Amino acid sequence: MAKSVQAILGLIKQHNIKMVDFKMVDINGQYRHVTIPAENFSEETMKSGIGFDASNYGYAVVEKSDMVFIPDPDTAMVDPFCEIPTLSMTGNAMIIDYPQNRPLPQYPRNIVRAAVQYMKDCGVADTMKILPEFEFYLFDDIGWEVQSNSIGVSMDAKQSYWNSGSEGKGVVVPKQKNYHIAKPFDISYECRSEMCMHMKDAGIEINYHHPEVAASGQFEIEPQLGEVVHMADATMMIKYIIHNTALKYGKSATFMPKPVYGEAGSGMHVHMLLFKDGQPVFSDDNGYAHLSETAHYFMGGLLKHISSLCALTNPSTNSFKRLVPGFEAPVTVGYATSNRSAVIRIPAYAKSPDKRRFELRNPDATCNPYFCYAAILMAGLDGVKNKIDPHANGWGPYDVNLYTLPEEEKAKLKGLPTCLEDALDALEADHDYLTAGGVFPEELLKNFIKTKRAECSELSKIPHPAEFDKYYNL
């Protein structure tokens, strides 16, 4: 990746670049962009940035809306989806100030960078590495309508079991039987391989890709462990690549957590580990699952704050249609080894000291990744700071299948929030761990909660097609 303005200019010349595209991130974790002709790019562009109105991005008040975007040369890549040769960069938003501009505290990328600095200031670690798993659906057709006289959605995946009577070639997958299924049933193999090739070109190393459980077109791509700020940028780019490559193949990609009734939902499990001076902080040969005391305190912080975390890691009403029993989704506040029913799972296959870690299983990719990863780090650091022991608090380890416990035992367990409104209530009541060190501005959290409450209110007023099935003829 490029490291200097001269290297950027070299890329522009080498690839005959005509346009330079600057990708920014709004409060919901979606790309916005501004493009300039390549001949206008200069050292001054990198120094002074590109002006934009931040009030339209959801995280700045109108009277302080004029900002500048400063591109980060390390994120430069040739955009494979532009017919006109285009170089793409992301970066940081700054408040216009004199004599020197200041980072906009509400800007998502600045928040995850602030969380990393807070980690360093606390002395716990100097590096956080994460590995998010990207589950998604690929549909051949999708359409929806929300009108006064028509409310509904229709979708199709050619290999799905519901096409067994119409496809005519017998290449259909039974319900919930898609996991690792091979050709000829895996009809999107080339599409996903091309996605991974684009990711590698963007500096994102990939472990593997494969079909996931749901027969209606669910898949997973897993990158390699990476530093948290880089992986936040990579998360945005991975989603960008998946969406655009799918369209090239005549398909539509979605990270919606529960798009298909009765099939598995899509999550974004986040594996994590810390390093200090190059040494793993989470490893201990004598600890439970070979994890250190610091690792257990970090898990304790996550589990203590999990309800409020859900507002940032699962910020859609659809998120909570995934977090239900029966589909390998977590529903219980607890930790365990190789147990997918607890919200924290310790993978037994991660045996070497520099790979020992755990994964938080509730997040999904409707989140703003910068907020999600920063919030996870802040919750974990709060656990370390306050020595929150997950075992002493009764959160495990649960080395049994929590779905199959007797009802009287299940009643003793604490569950995740069951709707976005409850998660927002929890965030409103429990967010001091996020504002520690000034990482998450209070103003941003208030605005985020207000925005999401408005979404909940809007959706609660729309009649659901299933309600007609239940109540129309009463």
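Descriptive notes on the structure:
- Scoring Lys200 on the criteria (1) under 30 Å from Ala125 (Cα atoms); (2) in a loop (DSSP other than H, G, I, E, B); (3) of a type in the set (Lys, Arg) leaves a single failure, condition (2).
- The listed residue being assigned to a strand (DSSP E or B), in the same structural domain as Thr90 (by TED's automatic domain parsing) and either farther than 30 Å from Cys367 by Cβ or hydrophobic (A, V, I, L, M, F, W, C) (or both), out of Ile12, Ile36, Ile27: Ile36
- Condition met for Ala157 (closer than 22 Å to Gln218 by Cα, touching a residue at least 60 places away in the same chain (Cβ under 8 Å) and surrounded by 21 or more Cβ atoms within 10 Å (Cβ to Cβ)): yes
- Complete set of residues in region 255-287 that are crowded, with 19+ Cβ neighbours inside 10 Å and over 30 Å from Asp156 (Cα atoms): His271, Met272, Leu273, Leu274, Pro280, Val281, Phe282, Ser283
- Evaluation of Lys355 against (1) crowded, with 21+ Cβ neighbours inside 10 Å; (2) in contact with a strand residue (DSSP E or B) (Cβ under 8 Å, 6 or more places away or on another chain) (one fails), failing number: (1)
- Residue within region 167-180 that is among the aromatic types (Phe, Trp, Tyr), at pLDDT 90 or above and not assigned by TED's automatic domain parsing to the domain that holds Asp72 present: no
- Flag if Thr317 is among the hydroxyl-bearing types (Ser, Thr, Tyr), outside the structural domain of Asn362 (by TED's automatic domain parsing), within 20 Å of Gly29 (Cα to Cα) and surrounded by fewer than 22 Cβ atoms within 10 Å (Cβ to Cβ): no
- Residue among Ala365, Ala411 that is within 22 Å of Pro132 (Cα to Cα) and not acidic (Asp, Glu): Ala365
- Looking at region 93-154, the strands (runs of 3 or more DSSP E) lying wholly inside it that each contain 2 or more residues that are under 23 Å from His271 (Cβ atoms) and not basic (Lys, Arg) sit at 127-132, 134-139.
- The helices (runs of 4 or more DSSP H) found wholly in region 257-359 and carrying at least 1 residues that are among the basic types (Lys, Arg) and more than 21 Å from Gln224 (Cβ to Cβ) occupy 293-304, 319-322.
The values are calculated or read from the model by the stated rules, or taken from the named source; none is laboratory data. Note that the coordinates shown come from a computational prediction; the quantities given were computed from them, not determined experimentally. When we count neighbours, we look across all protein chains shown, and the Cβ atoms used for this are built from the backbone with ideal geometry, even at glycine.
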